[in-house]
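The structure appears below as structure tokens.
Please treat every number below as a calculation from the coordinates, not as lab data. All figures in this text were calculated on a predicted structure; none of them were measured in a lab. No Cβ is skipped: glycine too gets one built from the backbone with ideal geometry, and neighbour counts run over all protein chains shown.
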Amino acid sequence: MSEYDRPLRIGLLTHSVNPRGGVVHTLELAKALHAAGHAVTVMAPAAPGQVLFRTPPCAVELVPVDGTPRDTVGMVRSRIDAFVQHLQALLQRRPFDVLHTHDSIGGNALAQLQDAGHIDGFVRTVHHLDTFEVPQLTQWQHTAFARASQVLCVSRLWREHLAREYGVEAHEVTNGVDAARFSPIAEARDTALAQRLGIRTGAPVVLAVGGVEERKNTARLLVAFALLRTTHPHAQLVVAGGASLLDHTAYAQAFRAQMEGLGFDEGPWQAVRLTGPVADEDMPALYRLADVVAMPSLREGFGLVVPESLASGAPVVVSRIAPFTEYLAETDVSWADPTDPTAIAAALRHALITRNPSHIARSAARLAQRFSWAASAERHVALYRAGLRARAAHTPIAQAA
């Protein structure tokens, strides 16, 4: 067995303890790498009293941060500094073969540690890129992938974007879906969750996961929902999640004003229900309560909600854009132009009218076979080892992969 064929010591950095797509990916990857015999440590910034929304079976390092930053730049800077300080101490007592970050916060911390000679390289997964009005945030985002030894992407869309716009060669890796966790089989807790959250039963429930955000296109979804109510007057829009490090206050305020203008009340049992973050153990039940899951996003890295929803037996409306068009067949979902509320409403009606449990099950099974966390972990390990050999030999990683 060569040096790099042994089980690896892997540090996975994520930006938050909250249930965002990149954090879910990190924890599921950690679980699969751990099951494959590797020594994995998950690292996440945590304010006083915070814990990871889901506990992985591997080691966890919570990086202490100030819970009250004055603005987004201050928050990001404080988390970069906290990672640097924490890792400087951690690296003295725990060696890692691979340090792999899934966000710009960890990427900038690792770049600083690389400059200081504490590490000789790092891996960065780009799930998606954002557009910022603040130059410092744009610079941090660029540094995090430009300085990485290896760059990975969870879709062809972002791999090609990095190559075209920045000349960065990235490798594609996959997400996964836990078919054992997400199931269409109803459970007693489904009804209990509906009662607790104030979700209607017996009327169409439109579920959106990810909170009220511009990227999630929640405002156009609201207009589409109003159009849907002309034919389904008792329908309810449930928007779950929304625990984000970025400031979406202005968009959320405009959404509430729009909601009032449309004559919708918000709250338990009302036409619109904003649940806020939902407990991780409740997510399978929440998907099962949905008559349709809406994901008319303007921009996504992959969209884990889609295979999870289908695995839970719920039809899905998605934007006819990449990355969805990369892995979904024409008949897997109901498609919509995300810029057109009328098209979104038509897709919602289509999904409700044509809902077919056996057809959804076939789509879910095909996606589960294609996207497994075990296969993703295997792909990651192959790339990690290629990167380690390339750095040892000082050759381009693309040649070693």
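One table, with the values for the structure above:
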{"quantity": "Principal-axis tilt of helix 104-115 within the chain, Cα atoms, nearest 10 degrees", "calculated": "10"}
{"quantity": "Signed unit charges on C-beta, dipole axis of region 188-370, positive-most listed residue Ala343, Ala368, Thr354", "calculated": "Thr354"}
{"quantity": "Label assignment, volume of the Cα convex hull per residue in Å³ derived from the structure, set [x] 142; [y] 191; [z] 166", "calculated": "[x]"}
{"quantity": "Integer Hz, Karplus 6.51/-1.76/1.60 couplings in order for region 288-304, x for Gly and Pro", "calculated": "5, 6, 7, 7, 7, 9, 9, 9, x, 4, 8, 7, 9, x, 8, x, 4"}
{"quantity": "Separation of the Arg256 and Tyr4 label points, Cα + 7 Å toward Cβ, nm", "calculated": "5.3"}
{"quantity": "Degrees, to the nearest 10: 72-93 long Cα axis against longest axis of the chain", "calculated": "40"}
{"quantity": "Least to most buried among His86, His127, His380, His118 (fewest other Cβ within 10 Å first)", "calculated": "His118, His86, His127, His380"}
{"quantity": "Packing-based order for 22-33, 227-238, 248-259, 209-220, using average beta carbon neighbours within 10 Å, highest first", "calculated": "22-33, 209-220, 227-238, 248-259"}
{"quantity": "Estimated FRET transfer efficiency (Asn356, Arg94; beta-carbon r; R0 60 Å; 0.05)", "calculated": "0.70"}
{"quantity": "Efficiency of FRET from Cβ geometry, Asp130 and Ser183, R₀ 45 Å, rounded to 0.05", "calculated": "0.85"}
{"quantity": "Paramagnetic reach from Val73 (point 7 Å along Cα→Cβ, amide N under 13 Å) across region 121-147", "calculated": "133-140"}
{"quantity": "Local net charge near Leu152, Cβ-Cβ under 12 Å (Lys/Arg +1, Asp/Glu -1)", "calculated": "+1"}
{"quantity": "For region 30-103 versus region 311-329, the gap between their alpha-carbon centres in whole angstrom", "calculated": "31"}
{"quantity": "FRET E, pair Thr201, Tyr166, Förster distance 41 Å, beta-carbon r, rounded to 0.05", "calculated": "0.25"}
{"quantity": "Rotationally averaged projected area of region 188-370 (alpha carbon convex hull; nm²)", "calculated": "9.8"}
{"quantity": "Selection of GluC sites (Glu not before Pro), region 323-396, meeting DSSP coil and at most 11 other Cβ within 10 Å", "calculated": "Glu330"}
{"quantity": "0 to 90° range, to nearest 10: angle between helix 357-370 axis and the chain longest Cα axis", "calculated": "10"}
{"quantity": "Added length on full extension, which subtracts the Cα-Cα distance from 0.36 nm per residue, Arg370 to Asp337", "calculated": "9.3 nm"}
{"quantity": "Region 122-183 and region 198-213: distance between their alpha carbon centers, rounded to Å", "calculated": "30"}
{"quantity": "For Val293, distant residues with modelled amide H under 5 Å away", "calculated": "Leu207, Val316, Val317"}
